[in-house]
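Take a look at this one; I'll ask things after.
The values are calculated or read from the model by the stated rules, or taken from the named source; none is laboratory data. Predicted model only: the values in this text are computed from it and were never measured. Heads up, the Cβs are rebuilt from the backbone with ideal geometry, glycines too, and the neighbour counts pull from every protein chain shown. Accessible surface areas use protein heavy atoms only, side chains included; no ligands, DNA or RNA. Shrake-Rupley method; radii C 1.70, N 1.55, O 1.52, S 1.80 Å.
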Amino acid sequence: MVMWPVCFQCLVLDVSRSGFYSWLRRVVSPRRERRKFLHQQILSVFLKHRKRAGRRQIHRNLTGDGVSVGLNTVGRIMREHAIRPWYCKPFRR
C-alpha cells in the first residue's frame, strides 16, 4: 500500500491541511455514539431472529429491553446499513 504525504492528499482532495488536522482531532459527537450503539443493538436483535425480523419486531424487542428508540429511527438505521429481512415469497399456482 502506498502512503502519500498529507500535503499531497490535501491538495488532491482540495482540503486545507489545518482543516484535515482539525478533523483528525475532532471528538465523536453524542449523536454518532448513540447511532453506533443503536446499530449494534439492532444488528444483534436482527441476527438473534435469524435475519427475519423487520423494523417493527426489532423496535418491539428493543423497547422491551429498555432501549428508548423510535420506530422510524430503527428503520432508518436498517436502511443506512442495508439490513434487510429475509422472507419467502408465497407459493402461487
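Ignoring ligands, DNA and RNA, what percent of the accessible area of the chain is carbon or sulfur (1.4 Å)?
Details: 4540 of 8200 Å².
Taking all protein chains in place, the chain shows 55 percent carbon and sulfur surface.
Can you give the charge dipole size of the range 1-59 about its Cα centre, rounded to the nearest 20 debye, using +1 on the beta carbon of Lys and Arg and -1 on the beta carbon of Asp and Glu?
Working: 14 positive and 2 negative charges, 133 e Å.
It comes to approximately 640 debye.
Still on this structure, I have one more. Out of these labelled values of Rg and Dmax of the Cα atoms in Å, (i) 14.0, 45; (ii) 20.0, 65; (iii) 13.5, 41, which was calculated from the coordinates shown here?
Answer label, from the structure shown: (ii).
Keeping all protein chains in place, calculate the accessible area per residue for the chain (probe 1.4 angstrom), answer in Å². Kindly include the intermediate steps, with their values, before the conclusion.
On the way: 8200 Å² over 93 residues.
With all protein chains present, the chain gives 88 Å² per residue.
Relative to the longest principal Cα axis of the chain, at what angle does helix 30-48 sit, 0 to 90 degrees, rounded to 10?
40
Tell me, what ³J(HN,Hα) does each residue in the range 67-78 have, in order and in whole Hz, if you take phi through Karplus 6.51 cos²θ - 1.76 cosθ + 1.60 with θ = phi - 60° and put x for Gly and Pro?
Running phi through 6.51 cos²θ - 1.76 cosθ + 1.60 with θ = phi - 60° gives 8, 7, 8, x, 4, 5, 5, 4, x, 5, 5, 4 Hz.
Extending each Cα 7 Å along its Cβ direction at residue 48 and residue 31, get the distance between those two points in nm, one decimal.
Result for the modelled spin labels: 2.8 nm.
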